[in-house]
Amino acid sequence: MIGRGENINFIKEKLKKNQKLQDAIAENPDTYKFTMITSNVISENLNINKKVKDKDLINISSQSEGYKFKYKDNLPIYEFITSKNNFELKFNNSDFIVPGSNGVAKYKIEEHLWSLRGACKKNDKWGKSKRENLVEPVITDETLTLKFFEDTKLKWGYRWFMLANVYTARNGSSTQDEFKDWDLTDSDAANHMQSDPKLFKTLNLMNIIEMIDDVANEEFKPTLVASVALNFELEK
Amino acid sequence: MIINILKTLPWYFVGLAVFLVPSVLLIASLLAPLDVESFFSNQFFADKFMDLETILNDEQDPANATADFNLMFAWLNIYLLITSIAISLSWAIGSHFLNIDEPGKAKFFGITWTIISGILVGSLLIVNYTIFSWSNFFMAQQDITVRDMNTMVLISTIYYSLMYWLSCILGTARQARSAVLLANKLPARNFL
């Protein structure tokens, strides 16, 4: 199905409620596949409905000293004191990716890092760091994990403030994998017909899906998935 | 015994002073504010050994970093000085109590001296690496590269070992018959 996310999901819901169709699918699940091809696979920004939770920061205990989690103008801020050198934030894809869509193949992280040398005093000046590649996104079918400072050694005794804006950089192609079984190439067509098939494959289906994906990708624009901030004091 | 110790100690202090005076002047200049004129340039070591690139990369104030570096380096020298004086003075006094007045005991004297010297060098290295790496007393330890840290460790260990060596050579129990080390061949032997 091609179209805007909300319209496609409306139709998908209707199909789900169609008992005759559901019975047929139950009998033979391989006869039904659903995908949504859209230029924007992000259903919502995680900040707007405050879907970023304190538990998403997985390797810092909320019971640890100085730990605070709060929203300020829709920006979730994690505040803590730690001696750990790297952190992980994990989000469920289902919270922000349109179900049944191509998903996201690549994210772009806009990074901003500030530091304050020594104890935080009122008139101290924060320095804007020129460091790069501070966050590494790791994508799985179910989750998006942001790994902070994996390849960066931050100095202890400093207070650090990290702001990460997570954008989509390229849509995925999970539709192509999903429909590979139904694809029939020119060269295989004769063999397929001779095999007395019960289900007819679609000639050049992958080519058609690729073309539709290309159209969707032409319309692609990076979308802000979430913005998160870490405000922490690093101990040795 | 006490008279022998008292005779030796002035020579010990002469040997010590050769290295003590520059060290004290350096410590004083490092502890002085950056804008104060001092005997040593109090930015020299920071300019030489501090990794300014990482500081500027984080847009931190180099003056603050230099002040932190100087404080760390000053305390390093204070601890090294205390260690060297404590061990060399212990030797200068303690060597008089060694039973070395018998024939053939020079070896015993030499072995003890070697062990004490080893303890000194080990102590200097421990002090150095505690300040530069193992402890969390000084943030400035992060502002030097490993290579520069090892250079500083080497230089300071040599300097304070020389302080120990010279003060011990002049201040050791040279009146003892078996003390046939280099100390006994020094001209100062005639004054004891």
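The values are calculated or read from the model by the stated rules, or taken from the named source; none is laboratory data. Values in this document were obtained by computation on a predicted structure and should not be read as measured data. Every residue, glycine as well, gets a Cβ built from its backbone with ideal geometry; the counts of neighbours run over all protein chains shown.
See the values below:
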quantity: Within the range A:150-168, considering residues that are hydrophobic (A, V, I, L, M, F, W, C) and crowded, with 18+ Cβ neighbours inside 10 Å, the one farthest from the other protein chains (Cβ to nearest Cβ); calculated: A:166
quantity: Residue in the range A:39-55 that is of a type in the set (S, T, N, Q) and farther than 21 Å from residue A:104 by Cβ present; calculated: no
quantity: Subset of the range A:127-159 (residues that are in contact with an Asp or Glu (Cβ under 8 Å, 6 or more places away or on another chain) and touching a residue at least 24 places away in the same chain (Cβ under 8 Å)); calculated: A:134, A:135, A:145, A:146, A:147, A:148, A:150, A:155, A:156, A:157, A:158, A:159
quantity: Residue identified as farther than 12 Å from residue B:81 by Cβ, in a helix (DSSP H, G or I), within 20 Å of the chain's Cα centre (by Cα) and touching a residue at least 24 places away in the same chain (Cβ under 8 Å) among B:9, B:26, B:20, B:16; calculated: B:9
quantity: Helices (runs of 4 or more DSSP H) lying entirely in the range A:132-236 (those with 3 or more residues that are among the small types (Gly, Ala, Ser)); calculated: A:186-194
quantity: Residues (over 18 Å from the mean Cα position of the chain (by Cα) and among the hydroxyl-bearing types (Ser, Thr, Tyr)) located in the range A:151-179; calculated: A:152, A:158
quantity: Search result, residues across the range A:183-236 that are within 14 Å of chain B (Cβ to nearest Cβ), within 32 Å of the chain's Cα centre (by Cα) and surrounded by fewer than 14 Cβ atoms within 10 Å (Cβ to Cβ); calculated: A:235
quantity: Of residues in the range B:131-158 being away from chain A (no Cβ under 13 Å) and surrounded by fewer than 17 Cβ atoms within 10 Å (Cβ to Cβ), the one farthest from residue B:62 (Cα to Cα); calculated: B:158
quantity: Search result, residues across the range A:103-120 that are at pLDDT 85 or above and within 11 Å of chain B (Cβ to nearest Cβ); calculated: A:113, A:114, A:115, A:116, A:117
quantity: Residues within the range B:25-53 that are touching a Pro at 6+ places or on another chain (Cβ under 9 Å), within 14 Å of chain A (Cβ to nearest Cβ) and either within 19 Å of residue B:155 (Cβ to Cβ) or not hydrophobic (A, V, I, L, M, F, W, C) (or both), tallied; calculated: 1
quantity: Any hit, the range B:92-103, residues being more than 21 Å from the chain's Cα centre (by Cα) and either within 14 Å of chain A (Cβ to nearest Cβ) or of a type in the set (Gly, Ala, Ser) (or both); calculated: no
quantity: Matching option when the condition is of a type in the set (Asp, Glu) and farther than 30 Å from residue A:132 by Cα, among B:68, B:35, B:47; calculated: B:35
quantity: Residue that is assigned to a helix (DSSP H, G or I) and more than 14 Å from chain A (Cβ to nearest Cβ), where the choices are B:89, B:56; calculated: B:89
quantity: Of all residues making up the range A:121-149, the number that are within 14 Å of another protein chain (Cβ to nearest Cβ) and either touching a helix residue (DSSP H, G or I) at 6+ places or on another chain (Cβ under 7 Å) or of a type outside the set (D, E, K, R) (or both); calculated: 9
quantity: Any strands (runs of 3 or more DSSP E) falling wholly within the range A:42-98 and containing at least 2 residues that are under 14 Å from the mean Cα position of the chain (by Cα) and buried (at least 17 other Cβ atoms within 10 Å of the Cβ); calculated: A:87-92
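Residues checked against (1) free of Cβ contacts under 8 Å to residues at least 12 places away in the same chain; (2) in contact with a helix residue (DSSP H, G or I) (Cβ under 7 Å, 6 or more places away or on another chain); (3) among the small types (Gly, Ala, Ser):
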{"position": "A:18", "(1), (2), (3)": "yes, no, no"}
{"position": "A:48", "(1), (2), (3)": "no, no, no"}
{"position": "A:61", "(1), (2), (3)": "yes, no, yes"}
{"position": "A:85", "(1), (2), (3)": "no, no, no"}
